[in-house]
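The values are calculated or read from the model by the stated rules, or taken from the named source; none is laboratory data. A quick note: this is a predicted structure, and the numbers were derived from the prediction, not measured. These area figures cover heavy atoms from the full protein model, side chains too; ligands, DNA and RNA do not enter into them. Shrake-Rupley method; radii C 1.70, N 1.55, O 1.52, S 1.80 Å.
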Amino acid sequence: MQMQTNLDFVSLQVVDINKSAIFYTDVMGFKKGDSPNQHAVVFETEAGSIFAIRTPLIDLSHVELKGAGISLWFKVANADKLYNKLIEKEVTILKPIQDGPFGRFFVLKDPDGYAITIHGES
């Protein structure tokens, strides 16, 4: 018997929650949602998925490469437009914009060093 599953919630543990909240709202354009947890900032997405950042549950100072082996993809209406905006804001780009399996995509580095993939139309 197979169990029906749905991804319910994804959160990244961050060193400075205020700095990361500003990055995801002001730089990336994410919309803040309601959070029942005082140690987290929750973001809404158009698809209804929930993504959050939160204060660490572990000591992140000993973690050299955060999120290694995990790939987070966020879909946007216009990947090229966001890419150009992030270049202007001097966000670190790990992989420049290019064509991929789901349209245009690029990979950026968030303030904690997590690799975030953005994809969408051009």
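Tabulated values for the structure
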| quantity | calculated |
| --- | --- |
| Under Karplus coefficients 6.51, -1.76 and 1.60, residue-wise ³J(HN,Hα) of the stretch 69-77 in Hz, glycine/proline x | x, 10, 10, 9, 10, 10, 8, 10, 5 |
| Amide H partners (placed H, <5 Å) of ALA52, local residues excluded | VAL10, SER11, LEU12, PHE43 |
| Percent accessible area from carbon and sulfur atoms, the stretch 61-122, protein chains only, probe 1.4 Å | 51 percent |
| Rel. contact order, % - alpha carbon contacts under 8 angstrom, at least six apart, the stretch 10-109 | 21 percent |
| Gyration tensor verdict on the stretch 29-97 (Cα atoms; rounded if a/c is under 1.5, prolate if a/b is larger than b/c, oblate otherwise) | oblate |
| Residues whose placed amide H lies under 5 Å from that of PHE30, excluding near-sequence neighbours | THR25 |
| Straight-distance crosslink candidates among lysines, where the alpha carbon sits under 18 Å from LYS95 and sequence neighbours closer than 8 are dropped | LYS66, LYS75, LYS81, LYS85, LYS109 |
| Phi to ³J(HN,Hα) by Karplus 6.51 cos²θ - 1.76 cosθ + 1.60 over the stretch 92-99, Hz, x for Gly, Pro | 5, 9, 8, 9, x, 4, 7, 7 |
| 222 nm mean residue ellipticity, helices alone, for the chain (DSSP H n ≥ 4; -39,500 (n - 2.57); rounded to 500) | -3500 deg cm²/dmol |
| Computed over the chain, the ratio Rg/Rh where both radii use C-alpha atoms and Rh is Kirkwood | 0.97 |
| Considering only the chain, percent of DSSP beta bridges that pair antiparallel, nearest 5 | 65 percent |
